[in-house]
Amino acid sequence: MHIDLAVVPVAGQGTRLLPSTKSQPKEMLPVGRKPVVQYVVEELALSGIKRLLFVTGPGKTSIENHFDLNSELIAFLRETGKEDLLAELAFERQNLDYFYTRQRRQLGLGHAILCARPIVGNQPFVVALGDSILGVNAQSDIVHRLVEEFIHSKADAVIAFEEVPREEVIHYGIAQPRQSNRPLFELADIVEKPSVADAPSNLAVAARYVFSPYIFELLQHTAPGKGGEIQLTDAIRVLIQGGGKVIGIKLGADERRFDIGNFESYFRAFVEFALADPKYGPDLRDWVRTLMGRTS
Ligand code: UTP
């Protein structure tokens, strides 16, 4: 079995990041030098993904433009003696195929994935959320590990998880593992955004998945859940309850998830990536130290 197709949902409204997201997608917000979704694509390419299917929506055309070859810009940089900047466009030349479909109504992540069904058809596929970066500068190969495990264990789904502070379980899908404290575990259940008291663990879904096409069948019959949206977590839950094999893999310490869905974690991600920048980081660190000295 060979899995080289990733569905990248980018159709969400990004209301938690208003007004920044009023007329631009949150997936195009810069973190350090690059827009979020470029990190996602580069990470997927590192893991052997060759075909990307973006599920887009209103106001998201800048994502399509970003991955197009821009020969006019290249010619302009050459004519104006700015050849050194051509390296910044190297990502355009990655050996990847891009496909786009639309989620015509924003009915939730589960629904966005269902929109990919006519194109994905009857093959296993990766899902990578377009608003989440894994690790500083996205060096994670988690998708490769998920795919290997999916093939090896003949699973129905393999999902990346991250341990989060207990009070943050209310924001994520949370696993109930059959075996605790293992880097790789089978899921007994999964719950969408539980209360702190009800959370079965602190293992939060971390934006990367591999699914067999059977998930489409389940999503098709998933009623709107929390927030009136068709929740992917609800379909995964039905998969487990029906005897499906769902495996979780914990992210390593250097694969921390940067969730660019709210200002708190967006600010943290931007600052951490900027401070880690080989060219601008050192000066920025000095400047931040001075600033902190002034305000403390
Ligand atoms: P979020 O759960 O953060 O939802 O999406 P959102 O609608 O984008 O943001 P808020 O809650 O209004 O602030 C997680 C990922 O799923 C995609 C988003 O684009 C993001 O990459 N998504 C979400 C869709 O593609 N369609 C949807 O209907 C919802």
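Would you check which residues across segment 89-132 are among the acidic types (D, E) and near the ligand (Cβ under 9 Å from one of its atoms) and list them? Steps first, answer last, please.
Taking segment 89-132 as the starting set, the residues that turn out to be among the acidic types (D, E) are 92, 97, 131.
Within segment 89-132, just D131 meets the criteria.
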Return yes or no: is V196 over 21 Å from the mean Cα position of the chain (by Cα) and hydrophobic (A, V, I, L, M, F, W, C)? yes
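Does any residue of segment 145-160 turn out to be without any contact (Cβ under 8 Å) to a residue 40 or more places away in the chain and more than 16 Å from the chain's Cα centre (by Cα)? Break it down stepwise before answering.
Here is the first cut: in segment 145-160, the ones without any contact (Cβ under 8 Å) to a residue 40 or more places away in the chain are 148, 152.
Imposing the further condition that a residue be more than 16 Å from the chain's Cα centre (by Cα) reduces the set to 148, 152.
The answer is yes, given that some residue of segment 145-160 is without any contact (Cβ under 8 Å) to a residue 40 or more places away in the chain and more than 16 Å from the chain's Cα centre (by Cα).
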Within the bounds of segment 112-121, is there any residue that is surrounded by 14 or more Cβ atoms within 10 Å (Cβ to Cβ) and within 21 Å of G261 (Cα to Cα)? yes
I need the full set of residues from segment 273-282 which are within 27 Å of R16 (Cα to Cα), over 18 Å from the mean Cα position of the chain (by Cα) and part of a helix (DSSP H, G or I), in order please. A274, L275
Identity of the residue in segment 122-140, surrounded by fewer than 23 Cβ atoms within 10 Å (Cβ to Cβ) and over 13 Å from the mean Cα position of the chain (by Cα), that ends up farthest from R256 (Cα to Cα): N122
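For segment 227-254, what are the residues that are more than 16 Å from the ligand (Cβ to nearest atom) and at pLDDT below 95? Steps first, answer last, please.
Of all residues in segment 227-254, those more than 16 Å from the ligand (Cβ to nearest atom) come to 237-254.
Within segment 227-254, G252, A253, D254 qualify.
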Residue hits (segment 9-33; of a type outside the set (G, A, S), within 8 Å of the ligand (Cβ to nearest atom) and buried (at least 22 other Cβ atoms within 10 Å of the Cβ)) are P9, V10, P25, K26, E27
Options P194, P183, P177, P224: the member that is closer than 25 Å to M1 by Cβ and either within 16 Å of the ligand (Cβ to nearest atom) or not aromatic (F, W, Y) (or both): P183
Starting from segment 253-266, keep only residues that are touching a residue at least 60 places away in the same chain (Cβ under 8 Å) and farther than 17 Å from G32 by Cβ, then list their pairs with residues that are part of a helix (DSSP H, G or I) and within 11 Å of the ligand (Cβ to nearest atom) whose Cβ atoms are within a distance under 8 Å, requiring at least 6 positions of separation or different chains. G261/R16; G261/L17; G261/K26; N262/R16; N262/L17
Quick check: anything in segment 76-86 within 15 Å of the chain's Cα centre (by Cα), away from the ligand (no atom under 12 Å from the Cβ) and not acidic (D, E)? no
Inspect segment 34-46 for any residue being exposed (fewer than 15 other Cβ atoms within 10 Å of the Cβ), at pLDDT 95 or above and either acidic (D, E) or part of a loop (DSSP other than H, G, I, E, B) (or both) and give the result as yes or no. no
Residues located in segment 39-69, provided they are closer than 20 Å to D4 by Cβ and in contact with a Pro (Cβ under 9 Å, 6 or more places away or on another chain): F54, V55
Would you check which residues across segment 65-111 are surrounded by fewer than 15 Cβ atoms within 10 Å (Cβ to Cβ) and among the β-branched types (V, I, T) and list them? T80
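The values are calculated or read from the model by the stated rules, or taken from the named source; none is laboratory data. As the structure is a computational prediction, the values presented were derived from the model and not from experiment. Methodologically, a virtual Cβ is constructed for each residue, glycine included, from the backbone with ideal geometry; neighbour enumeration extends over all protein chains shown.
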